[in-house]
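Trainee: Encoded as structure tokens, here's the structure I'll be asking about.
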């Protein structure tokens, strides 16, 4: 995997603190965090993905908060005591629908301004001084869906920035991977980072396979093929641009909000997504997310009910389904799983996601469905509807 583990398949959780959300970095309560991590460990999870709100950790271009770094160290210790490895997401400038950037930093400047570059490198050095040598430090995520800061950034600029980040930061953390946790937009809209970069530059390909935000849910319920096959399709699709056919794939975010379907539909989505993705070679899953948000915080309505736990750490029904999957697959003999394909879908060698302006239509989901990648997925789904098991292959240009 690159993320060392004795497990065959790794299962983790995107951690969302139950109290004060990620504002807890500024209003710290270690006992509350410990209770959250106890709950996550009880699910059988072996890792968490952790967000560092950028302006909280770096409120000034030349200053990284020592207090916040101490809190990060304390959280790492709490996680280690519970058998949880930690992926640290460094430049968290976008999260749960809001942009969080240090004062004076614009979204485009994150990728193009040398002054902001110096800030990024300072933050990386300070954070790695705290976490880099810890036994439960899994690796570094460049930033949470960092592409969402600037969908209009030319791909050549996004790739150049990301390559420079890898060149400068990787030597600071030998033996640990750096990944890039983008959402689906570079895949569907051809923006910010190229497919070739995402498929080749990192030791692990990260995919966010959201049934809602990708538009898949407009094609069927959570428990139907457009949603349940999405992670499997994305895995095959991105690998077409890789230089290693079996490069590890991590479904870093996927989820089934309480508002998007019944419990039965959400449970079926979770089970089928994991099983189908494993059959395509995925060996790491991180569910979004651990805890529901409290109502004293202002977010879009659906943001409150993503969790496997309530804000008072009571397990919701889907938590048992997650635990069931951990028990079934974490140490399973994957060679026993059927993985055959009985039809091929050829993707031309010269195929690229057609660039879609981010505000092409007023309806975001309709815009994503306009992607030429969806035409391939529709063909894939038509084969599934006929009872076949399709595989994507490179075809002639």
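The values are calculated or read from the model by the stated rules, or taken from the named source; none is laboratory data. Since the model is a prediction, treat every value here as computed from it, not as a measurement. Cβ coordinates were reconstructed from backbone atoms using ideal geometry, including for glycine residues, and neighbour counts include every protein chain displayed.
Trainee: Within the set of pairs 6+ apart or on separate chains, which have a first residue in region 4-32 that is at positive phi, a second that is surrounded by fewer than 16 Cβ atoms within 10 Å (Cβ to Cβ), and C-beta atoms under 7 Å apart?
Mentor: Cβ pairs passing all conditions: 20/27; 21/297.
Trainee: In region 262-280, what residues are surrounded by fewer than 20 Cβ atoms within 10 Å (Cβ to Cβ) and either over 18 Å from residue 384 (Cβ atoms) or out of contact with any strand residue (DSSP E or B) (no Cβ under 9 Å at 6 or more places or on another chain) (or both)?
Mentor: Within region 262-280, 262, 263, 264, 265, 271, 272, 275, 279 meet the criteria.
Trainee: Of the conditions (1) part of a loop (DSSP other than H, G, I, E, B); (2) modelled with pLDDT of 95 or more; (3) touching a helix residue (DSSP H, G or I) at 6+ places or on another chain (Cβ under 7 Å), residue 203 fails just one. Which one is it?
Mentor: In the conditions (1) part of a loop (DSSP other than H, G, I, E, B); (2) modelled with pLDDT of 95 or more; (3) touching a helix residue (DSSP H, G or I) at 6+ places or on another chain (Cβ under 7 Å), residue 203 misses (3) alone.
Trainee: Could you please find all residues in region 5-20 being more than 19 Å from residue 254 (Cα to Cα) and either out of contact with any helix residue (DSSP H, G or I) (no Cβ under 6 Å at 6 or more places or on another chain) or surrounded by fewer than 16 Cβ atoms within 10 Å (Cβ to Cβ) (or both)?
Mentor: Passing the criteria: 5, 6, 7, 8, 20.
Trainee: Any idea how many residues of region 312-338 are under 23 Å from residue 210 (Cα atoms) and not in a helix (DSSP H, G or I)?
Mentor: Qualifying residue count, region 312-338: 3.
Trainee: Right, residue 347: in a helix (DSSP H, G or I), surrounded by 14 or more Cβ atoms within 10 Å (Cβ to Cβ), in contact with a strand residue (DSSP E or B) (Cβ under 6 Å, 6 or more places away or on another chain) and touching a residue at least 60 places away in the same chain (Cβ under 8 Å) or not?
Mentor: no
Trainee: Does region 161-173 include one or more residues that are in contact (Cβ under 8 Å) with a residue 12 or more places away in the chain, over 22 Å from residue 193 (Cα atoms) and touching a strand residue (DSSP E or B) at 6+ places or on another chain (Cβ under 6 Å)?
Mentor: No, there is no match, as no residue in region 161-173 is in contact (Cβ under 8 Å) with a residue 12 or more places away in the chain, over 22 Å from residue 193 (Cα atoms) and touching a strand residue (DSSP E or B) at 6+ places or on another chain (Cβ under 6 Å).
Trainee: Within region 111-126, is there a residue that is under 22 Å from the mean Cα position of the chain (by Cα), surrounded by 14 or more Cβ atoms within 10 Å (Cβ to Cβ), within 23 Å of residue 208 (Cα to Cα) and assigned by TED's automatic domain parsing to the domain that holds residue 56?
Mentor: So the first thing to find is which residues in region 111-126 are under 22 Å from the mean Cα position of the chain (by Cα), and the list is 111, 120, 123-124.
Retained after the next criterion (residues that are surrounded by 14 or more Cβ atoms within 10 Å (Cβ to Cβ)): 111, 120, 123-124.
Checking the rest, the ones that are also within 23 Å of residue 208 (Cα to Cα) come to 111.
Next, from what is left, pick out any that are assigned by TED's automatic domain parsing to the domain that holds residue 56: 111.
The answer is yes, given that some residue of region 111-126 is under 22 Å from the mean Cα position of the chain (by Cα), surrounded by 14 or more Cβ atoms within 10 Å (Cβ to Cβ), within 23 Å of residue 208 (Cα to Cα) and assigned by TED's automatic domain parsing to the domain that holds residue 56.
Trainee: Which residues, taken from region 43-86, are free of Cβ contacts under 8 Å to residues at least 60 places away in the same chain, out of contact with any helix residue (DSSP H, G or I) (no Cβ under 8 Å at 6 or more places or on another chain) and outside any helix (DSSP H, G or I)?
Mentor: Within region 43-86, 59, 60, 63 meet the criteria.
Trainee: On to the next question. Within region 289-318, which residues are under 16 Å from the mean Cα position of the chain (by Cα) and under 19 Å from residue 34 (Cα atoms)?
Mentor: Correct list: 289, 290, 307.
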